[in-house]
Amino acid sequence: MTSPAAAAAGTWQLGDLAVNRMGFGAMRLTHTSDGTPLDRDRAVGVLRRAVELGVDHIDTAAFYFSSLRSANELIARALHPYRDVVITTKVGPGKDPAGNWLGMARPDQLRGQVEENLRQLGRDHLDVVNLRLYRPGESLAEHFGVLADLRAEGLIRHLGISNIRPERLAEAQAIAPVVCVQNRFGVGDADWSREVLRLCGAEGVAFVPYFAVAGEGKEAGAPARDLDAVRQVADWHGASPAQVRLAWSLQQGPHVLAIPGTGNPAHLAENVAAAALRLAKEEVAALDGV
């Protein structure tokens, strides 16, 4: 029997939950790059196809919504009751019903955010909840302590943190175990996330980069023309620039997980296929230096 495509990059443990290192991010399921709502049936089909391809780790958040679509609602419709799929979500920042950012929630508002995710996903507990900081340098102790209490109550199985400076990892681990860190990181990103990547590897914590494909495009997606160095490696391998970026991310360490997102079935298949792409050491080093 042929192994699912997403399994080609190997697995990692999120606490007691084993996942394929190639996962899926749900943010882009709610709308296209120009802001128009994505077709509901198409989004549901992408999620189900991702699981068929071996994706068993899906990243989401209650604040992933557009005028007509909610990522959590789409996930629930497509995948409930989530057999052999780990759902990771985020709390911390919030949006009003119009989609305007409200900033960081107060600690006493986090229970409500967790319960909102439970309702939308149709679950009685959440596999992994990341505390996403609104500003990377801010202290997380009070907020993370609330999530640790909710974990003790059984509403959350495992905890992670997102958008952090390096010193925040030790601060969180002093309160409760951290199974993953989500930070922006990709080819051409020369910032403190590289130190977070290193620290996570030393501590046995999963490092989950976001915008690994989009780069400076962020929510708008990958640019029409990528960096010359990325395109050159892609040409050598007969691959797409997006596949090279994902392969480079996964080769930063066995603890790195990929969560590329798309609402396009063809792009989904392309992204998952990157789990099997292996770059030469010289290629990785060249892209490291961009």
About the Cα centre of the chain, how large is the charge dipole given +1 on each Lys and Arg Cβ and -1 on each Asp and Glu Cβ? Please answer in debye to the nearest 20. 340
Modelled label reach - Glu195, point 7 Å along Cα→Cβ, region 120-157 residues with backbone N closer than 14 Å: 136-138
When the chain is treated as a GNM, springs tying every alpha-carbon pair under 10 Å, which of Ala170, Ala258, Ala105 comes out with the largest mean-square fluctuation? Ala170
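Can you give me the relative contact order of region 12-151 as a percent, contacts being Cα pairs under 8 Å and 6 or more apart?
Values: 208 pairs, mean separation 29.6, N = 140.
Relative contact order comes out at 21 percent.
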Indicate, rounded to the nearest 5 percent, the antiparallel portion of the DSSP beta bridges found entirely in the chain. 25
Listed residues Pro265, Ser193, Val128: farthest to the positive end of the dipole of region 125-275 (Cβ charges): Pro265
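Which order do peptides 160-166, 197-203 fall in by mean Cβ count within 10 Å, highest first?
The peptides rank, most packed first, as 160-166, 197-203.
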Zone reached by a paramagnetic label modelled 7 Å from Asp108 Cα along Cα→Cβ, restricted to region 133-149 with backbone N below 16 Å, covers 142-143, 146-147
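Quick note: the coordinates plus some simple rules give every number you see, no bench work behind them. All figures in this text were calculated on a predicted structure; none of them were measured in a lab. Here Cβ is always computed from backbone atoms with ideal geometry, including for glycine, and neighbour counts include all displayed protein chains.
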